[in-house]
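Step one of this worksheet: look at the structure below.
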Amino acid sequence: MQKSGNTPKKRFLTLFAPLPLIKRGAKIELNRRYHCDADESAAAVSIVATRMNIQEENMQLKEKNLIKILNIKNIPLFLFSLSVFVLFQSCHKENDRRDKAIKERIEWSHSWIEPTGKNDHPRVLIIGDSHAERYYGVIKSKLADTAYCSKFTSSMSLGDPYYPRRLELLLEQYRFDIITFNNGLHGKGYTENDYEKYIPVVLHIFQKQKGTRLIWINTTAVRKKENLSELADFNKRVLLRNNLVKKYMKKNNVPLLDFYSIGINHPEFYAKDGVHFNKEGVLAEAYLLSKEIRKQLLLSKN
């Protein structure tokens, strides 16, 4: 009876054909190890040679790789072991990422997407921290006749290895015409080098959204809660982060909205904690951002 052309042995050999294998003697080794007939072993060798374009000087090393693979007697066990190894490597990377994430005492995130089923108006996504949490409602009201506004606000900071993944997950599910992004008050445990490392990462995530316009917002000044007329020590780091953002936005031709000037010029806009804005400050932020959103919406139509 003629053997089937798709034997388990041949499927195994084809599976590993992309590996850097063989030269001469491979056919003999295949025959000896797996008792393949001539047609089967020749077909396997042909597949490998066609795919790999093997160079003469690497033959001995590649032949050893083949023999090493063919010495495996229990193929299912080998494949299972390979799967476990890959899973282990994935878990190791996840643990490494978790070790690098610096947690704050309280962490929070708030997603609000509306309306999910309508596209008769442009869609705007406001991303930021507690400042954005406060001015989102005002902007939504100001743009009610123009755009649908959603938000993703969080204590997560640039420097956090999980932050880009959260943004990617959100943008995989929903499309937006305008994205506004503000980040810099949280993540004090991350260095400015950590912060800078993730600016191009997040920027690339936004730039992958076809037809979406980005507005990046710099970070507001931080004042001493016991004396709002003076700047807090952390404000020096805010300036460093803002300068990094400015460099990348200029290089990538991204509009940069200056919220820092609002805070530095108006100490009366601050709440008692020296970080958040009072009602007047929130209205000032919302006015500037809604104006820029309208500008970008007009540009997108041209």
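Just a few scattered comments:
- Any chance K118 is assigned by TED's automatic domain parsing to the domain that holds L240 and farther than 24 Å from Y198 by Cβ: yes
- Single match in V124, V86 (criterion: modelled with pLDDT of 95 or more and not aromatic (F, W, Y)): V124
- Residue within the stretch 145-152 that is in contact with a Ser or Thr (Cβ under 8 Å, 6 or more places away or on another chain), farther than 18 Å from F259 by Cβ and in contact (Cβ under 8 Å) with a residue 60 or more places away in the chain present: no
- In the stretch 263-296, the residues that are in a helix (DSSP H, G or I) and more than 22 Å from K151 (Cα to Cα): G263, I264, N265, P267, E268, F269
- The single condition among (1) touching a residue at least 40 places away in the same chain (Cβ under 8 Å); (2) more than 20 Å from P255 (Cβ to Cβ); (3) surrounded by fewer than 18 Cβ atoms within 10 Å (Cβ to Cβ) that T191 does not satisfy is (1).
The values are calculated or read from the model by the stated rules, or taken from the named source; none is laboratory data. Just so it is clear, the model here is predicted, and its values are computed rather than measured. Note that each Cβ is placed from the backbone with ideal geometry, even for glycine, and that neighbours are counted across all protein chains shown.
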